[in-house]
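For reference, the structure discussed in these notes is given below.
The values are calculated or read from the model by the stated rules, or taken from the named source; none is laboratory data. Just so you know, these numbers come straight off a predicted model, no measurement behind them. Please note: Cβ atoms are built from the backbone with ideal geometry, for glycine as well, and neighbour counts cover all protein chains shown.
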Amino acid sequence: MGLPEYVKIVEVGPRDGLQNESISVPTSVKIELIERLSKAGLSVVESAAFVSPKWVPQMADHAAVMAGINKWPGVSYPALVPNMQGLIAALAAGVSEIAVFSSASETFSSRNTNCSIEQGLARFDEICVVAQAGGVRVRGYISCVLGCPYEGSVEPDRVADIAAELLRMGCYEVSLGDTIGTGTPGKTRSLIEVVAGRVPLKNLAGHFHDTYGQALANAYSALECGISVLDSSVAGLGGCPYAPGASGNVASEDLLYMLNGMGIETGVDMDRLISAGNFICNFLGRPSGSRAARAFAANRT
């Protein structure tokens, strides 16, 4: 199968990237980051999570963030929703797209959401019904698709079952997440081939963490399989509080550099994207986690 001519980059930095930061990020800084990412040409910027502040204090200002965003035409600003309480709060905040998240690992599901995979899917089924009745689009995530920090390897058939169930509920897209970054291109290809037997490729996305330096290679493998939607995090921000040692998503700048080099259209401007990454990294007091951003900076000095 040939490579796609266009790839949609789903920017998850403001949510997935910041949720695990120990430094409190003010609402105004989050809003400015989202504004800069929108100006860079990204069509999807995941902006908040309507979760309990007790568990994810960095997302406590979710409603204020959503209220303060200058929503650009043609740009979607989804928010993560773990339960009905979160959905109700998201609807009250005027969210027009949500994301729900399951896991391909029972242990990870228990530690991350305090319920089994089956219980979580039942919860999301109810959420999807209410959300879609209110005209809200729903995207699905599956974590630990290529490995679990507690259980080790994960069977592709289990991932396919969950993906098919999320599609049945009405999720327009299902993102396959290598949460701990242990996947390799061969394993990625094998997984996608199995999942694509149950869910059309047009409804699948890839979400790769770079713990072992395999994220770009896995993204390329996904492209070869026919996937044309990839999640990434500006400046490589991120990690997972329930996956010890897991680094952030593939950096958006690095992914864009690869796609540009392959002649694949994205609609994203590299200079503006790098500027957005530098903005948040300057606030956090550390250099960008993007190799491309650092290389561009070095070549300009």
Next item on the list: Sort out which residues of segment 1-60 are in a helix (DSSP H, G or I), among the basic types (K, R) and either more than 14 Å from the chain's Cα centre (by Cα) or surrounded by fewer than 18 Cβ atoms within 10 Å (Cβ to Cβ) (or both), and write them in order of number.
Entry: K30, R36, K39
Note to self: I'm told F108 meets every condition in (1) farther than 17 Å from M169 by Cα; (2) in contact with a strand residue (DSSP E or B) (Cβ under 9 Å, 6 or more places away or on another chain); (3) outside any helix (DSSP H, G or I) except one. Can you identify the failing condition by its number?
What the structure shows: (3)
Check: If S38 satisfies every condition in (1) in contact with a Phe, Trp or Tyr (Cβ under 6 Å, 6 or more places away or on another chain); (2) under 14 Å from S96 (Cβ atoms) but one, which is the exception?
Finding: (2)
Check: Which of (1) under 30 Å from G74 (Cβ atoms); (2) buried (at least 18 other Cβ atoms within 10 Å of the Cβ); (3) in contact with a Leu (Cβ under 7 Å, 6 or more places away or on another chain) is the odd one out, the single condition T182 does not satisfy?
Finding: (1)
Margin query: Being under 30 Å from I264 (Cα atoms) and in contact with a Pro (Cβ under 7 Å, 6 or more places away or on another chain) is true for just one of I34, I69. Which residue is that?
Written below: I34
Checklist line | Members of segment 31-66 found to be within 22 Å of R111 (Cβ to Cβ) and of a type in the set (K, R), listed by number | finding: K54
Checklist line | segment 244-287, residues that are at pLDDT below 95 and touching a strand residue (DSSP E or B) at 6+ places or on another chain (Cβ under 8 Å) | finding: A246, S247, G248, N249
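This table checks each residue for (1) hydroxyl-bearing (S, T, Y); (2) part of a loop (DSSP other than H, G, I, E, B); (3) farther than 29 Å from V136 by Cα.
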| residue | (1), (2), (3) |
| --- | --- |
| D161 | no, no, no |
| E165 | no, no, no |
| V174 | no, no, no |
| G186 | no, no, yes |
| R189 | no, no, yes |
| G197 | no, yes, no |
| K202 | no, no, no |
| F208 | no, no, no |
| A217 | no, no, yes |
Notebook entry, point to check: What number of residues in segment 43-65 are hydrophobic (A, V, I, L, M, F, W, C), out of contact with any helix residue (DSSP H, G or I) (no Cβ under 8 Å at 6 or more places or on another chain) and modelled with pLDDT of 95 or more?
Noted result: 2
Next item on the list: State all residues of segment 69-101 that are surrounded by fewer than 17 Cβ atoms within 10 Å (Cβ to Cβ) and within 19 Å of G41 (Cα to Cα); if no residue qualifies, say none.
Entry: N70, K71, P73, G74
Next item on the list: Could you check, for segment 135-148, whether at least one of its residues is aromatic (F, W, Y), within 18 Å of the chain's Cα centre (by Cα) and assigned to a loop (DSSP other than H, G, I, E, B)?
Entry: no
Check: Any idea which residue in segment 279-291 is nearest to G236 (Cα to Cα), counting only those that are within 20 Å of the chain's Cα centre (by Cα) and of a type in the set (S, T, N, Q)?
Finding: S290
Next item on the list: Could you please let me know if G226 is at pLDDT 95 or above and surrounded by fewer than 24 Cβ atoms within 10 Å (Cβ to Cβ)?
Entry: yes
Note to self: Being touching an Asp or Glu at 6+ places or on another chain (Cβ under 8 Å) and modelled with pLDDT of 95 or more is the filter here; which residues of segment 173-208 pass it?
What the structure shows: S175, G177, T188, R189, V194, R198, N203, L204, A205, G206, H207, F208
